[in-house]
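The values are calculated or read from the model by the stated rules, or taken from the named source; none is laboratory data. Source: prediction; values computed, not measured. Backbone-built Cβ (ideal geometry, glycine too); neighbour counts: all protein chains shown. Areas reflect the complete protein model, heavy atoms only, side chains present, ligands, DNA and RNA absent. Shrake-Rupley method; radii C 1.70, N 1.55, O 1.52, S 1.80 Å.
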Amino acid sequence: MQQKLLNEAMAGVAGGNDFQWCFSQVKGAIDEDVAEADIISTVEFNYSGDLLATGDKGGRVVIFQHEQESKNRPHLRGEYNVYSTFQSHEPEFDYLKSLEIEEKINKIRWLPQQNAAHFLLSTNDKTIKLWKISERDKRADGYNLKDEDGRLRDPFRITSLRVPVLMPMDLMVEASPRRIFANAHTYHINSISVNSDHETYLSADDLRINLWHLEITDRSFNIVDIKPANMEELTEVITAAECHPHQCNVFVYSSSKGTIRLCDMRAAALCDRHSKFFEEPEDPSSRSFFSEIISSISDVKFSHSGRYMMTRDYLSVKVWDLNMENRPVETYQVHEYLRSKLCSLYENDCIFDKFECCWNGSDSAIMTGSYNNFFRMFDRNTRRDITLEASRESSKPRATLKPRKVSTGGKRKKDEISVDSLDFNKKILHTAWHPKDNVIAVAATNNLYIFQDKIN
Amino acid sequence: MILKGQKRKLDPEDVEVSEPSSPVWESQRQFVFSVSLNKYQRGQELPEPSLRRSVLIANTLRQITLPSADREELQPPSGSLCRLHAKERESIFTESKPNSVLMAGDPMCSLNGSPLTNCYHSGDSGVTTTGDDEDEDWGSMSTDSDFSLSAAISSILTALDSTIDGSPQAAPRTPLRSLENLSGPSERGSAWVKHGTRAGGVSCAPQGEETVQESCADVGKPSYLNDIMMEDLFQDVDSSLLERDMGGLGIRSSRVGYPAEEELICYLPPSSSSSSHPFSLSLNSNLKCLPSFSSFSPLLSSPSPSSPESASFSSQNQARDGFELEHLMEILVES
């Protein structure tokens, strides 16, 4: 059903079909002046898709909850409304190195739900925290030792005992830090990933990957260490890491040189030696000064099936079959028109932007962001792609998103935008796809856009 | 770069150049080199530069300055290309050619360790990466782990002293550390000559100008080498200087090396500019020249005015140490 819908979505691009992506909601301030702290730095749906968490540069986490569809208007999906907001990380100061540690949330990962409460891991550059988000909708009434105001009653005045009664109250969502995993990373944490055993998780910084147990905060196992004995020889850093969705002994990590290493934790305690090494041979005809920089992988994601993984480098998204190491099975160009602009993009630092990518629930489509608030979706089956824009202009309720096109040639058609007119300050680095439905969350600087398919 | 609605001229750099030996390619290469240098230095000025970014920029710089044999991997081999690069290499060693190619060739050779080092140093006297001597020297240093300001000041002073008396080698050159020496090619050149001809001298901090650079300006130091630098810095302690008690600094003395150094540097230039002391002047000029490879351009001009001062500096070495130390302490206490 999912696949059919998506096929129709892609066909709808060409015109004729009813299925299309449409605007649902936008969260965040409309002001032109964007406060640095409000810039969204990570977006993540939970396992059921009911909760959507965002982290920002100010160290805050905002969780949205999916409201049930209204019975009166069943053709609309429910909306996401704020469920909980809390300050996850505060700015810290490393006294030994005299450095400030940013509170920016680099990643949020949900744990699978095991009881009424929800758990998520959030991390900044140095510290990972396990948060419990729980609801409280009842309160105890009729205490013996304190009265309604909370003041202690005079014990001599207590003449009888009563059992407190649970009374309903307004729903209160509480977020409390349950574990703090600190002091295990010398370098900046770029990834966290919960293992399929639901007991352990890994955290990766530029040079090392550690394996943690969710219950144990004072120790972690170092499983990958690529720090050379002589730092002068450092030429490669770890850029992303992820646990396999089903095999709890397998994980992958990507590097700044465009390589991915798959490691098996059963092979050795220290997984410096990979089990599989994924690298695509370079095309000599497209070699430039920036070849290495644009080959640096900014994100790696396993497919839900666990058979494939997807990597995002500066200009493309590649889908790899885990059984084939020498080249990807699919390559999608995200914004090939930027290849001739690499020099300028290097100059203005855009070439170092780290875009994320994500799979849809059925692994039939992938999505990633670009500049000018554009984001791209690729259907793996039909090989169709679509470029959409997250903008306030197209933010009317249930307004269908119009496909966008960037003109590369001399002639610019109507409704096309030329490469030179792209706004490189408006970049979509973080996107998330609902695990089951066709609902996507796109972070555009300080705004969160939610788009969904139009059900007919 | 590109503002919405703003018209851009056709940028020559944006034109995809496929001919590696063409002048456009060469100019693009030089442009990328200067931009990379600039970027790298600015990145290092940040309190905590991004390691990924630094590594990528360093790799790009390394790639730009590869010798022709390796560079041919990048482009289709061509006879003319080989000849061009052979000539380039030749020119590096024949005279001090004030262009980015030379600058690229000279210090960047140390990036790739021994194979390239050997390749580049056939005619060059100054730059090698034989870290062994340096390691031995470091090893023999006092392993004082006292992170006091006094230790930091002493090490800075001894490092400054050793601009004249240091070893002729550029000792454990990290690939990124070596870029610091690009700030003033001719003054470095003259200093290197001095190193080569001088014998003996101050017993500690034999790293010479490199240590001057790294200790005087943390701005030039890659942060991911911090671990090494810390140890090196605090091993480089002249016990004779330590005898002078710096305890009066109180709170400051508990702070660790780098911030102390930076504070010291903050204080030194204003005071030294007002002082007529030759040491202060040369120190000031050294400090001025240190972060200047952000202003590095392919065409480098006349020898730095600091060379005569460094000559005078060289002649008044150890006798001034005690006086300077007290002088510095006065400045710090006053401020």
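Observations on the model:
- When the surface is traced with a 1.4 Å probe over the full set of protein chains, A:ARG398 keeps roughly 110 Å² accessible.
- The accessible-area ordering, largest first, of the residues A:LEU145, A:LEU207 stands as A:LEU145, A:LEU207, per a 1.4 angstrom probe.
- Relative to the Cα centre, the charge distribution of segment A:210-270, modelled as +1 at Lys and Arg Cβ and -1 at Asp and Glu Cβ, gives a dipole magnitude of about 140 debye.
- Rolling a 1.4 Å probe across all protein chains gives B:TYR40 an accessible area of roughly 0 Å².
- Computed E for B:LEU46/A:GLU69 - FRET, C-beta separation, R0 56 angstrom, nearest 0.05: 0.70
- Solvent exposure of segment A:239-389 amounts to 34 Å² per residue of accessible area, where only protein heavy atoms count and the probe is 1.4 Å.
- Our helix-only sum for chain A, with -39,500 (n - 2.57) per DSSP H run of n ≥ 4 divided by its residues, gives a mean residue ellipticity at 222 nm of -1500 deg cm²/dmol.
- Mean separation of Cα contacts under 8 Å (6+ apart) over length of chain A, as relative contact order %: 15
- Å² per residue, accessible surface of segment A:72-162 at 1.4 Å: 62
- Order of exposure, largest accessible area first, which applies to A:THR445, A:THR54, A:THR408, A:THR159 with probe 1.4 Å: A:THR159, A:THR408, A:THR445, A:THR54
- Taking all protein chains together, A:ASP453, A:ASP154 sort by accessible area into A:ASP154, A:ASP453, largest first [probe 1.4 Å].
- Sulfur and carbon atoms: percent of accessible area, segment A:132-177 [1.4 Å]: 54
- For the cross-link pairs A:LYS354/A:LYS396; A:LYS257/A:LYS354; A:LYS97/A:LYS126, the ones whose C-alpha atoms lie over 20 Å apart are A:LYS354/A:LYS396.
- Accessible surface buried upon B-A contact (total; probe 1.4 Å; Å², nearest 100): 4000
- Charge dipole (Cα centre; +1 on Lys/Arg Cβ, -1 on Asp/Glu Cβ; no other charges) of chain A amounts to roughly 1200 debye.
- Chain-alone versus full-assembly comparison, segment A:76-121, residues with accessible loss of at least 20 Å² (1.4 Å probe): A:LEU96, A:LYS97, A:SER98, A:LEU99
- Taking only the Cα atoms of chain A, the ratio Rg/Rh comes out at 1.01, with Rh defined as the Kirkwood radius.
- Among the protein heavy atoms, those of A:PHE221 account for about 150 Å² of accessible surface (1.4 Å probe, every chain in place).
- A crude spin-label estimate for the pair A:LYS402 and A:TYR337, with each label 7 Å from Cα along the Cβ direction, gives 1.5 nm.
- Where no second cysteine Cβ lies under 4.7 Å, the cysteines concerned in chain A: A:CYS22, A:CYS243, A:CYS248, A:CYS343, A:CYS350, A:CYS357, A:CYS358
- FRET efficiency, A:GLN87 to A:ARG219 (Cβ-Cβ, R0 22 Å, nearest 0.05): 0.25
- Helix A:2-13 vs. chain A, principal-axis angle (Cα, 0 to 90°, nearest 10): 50
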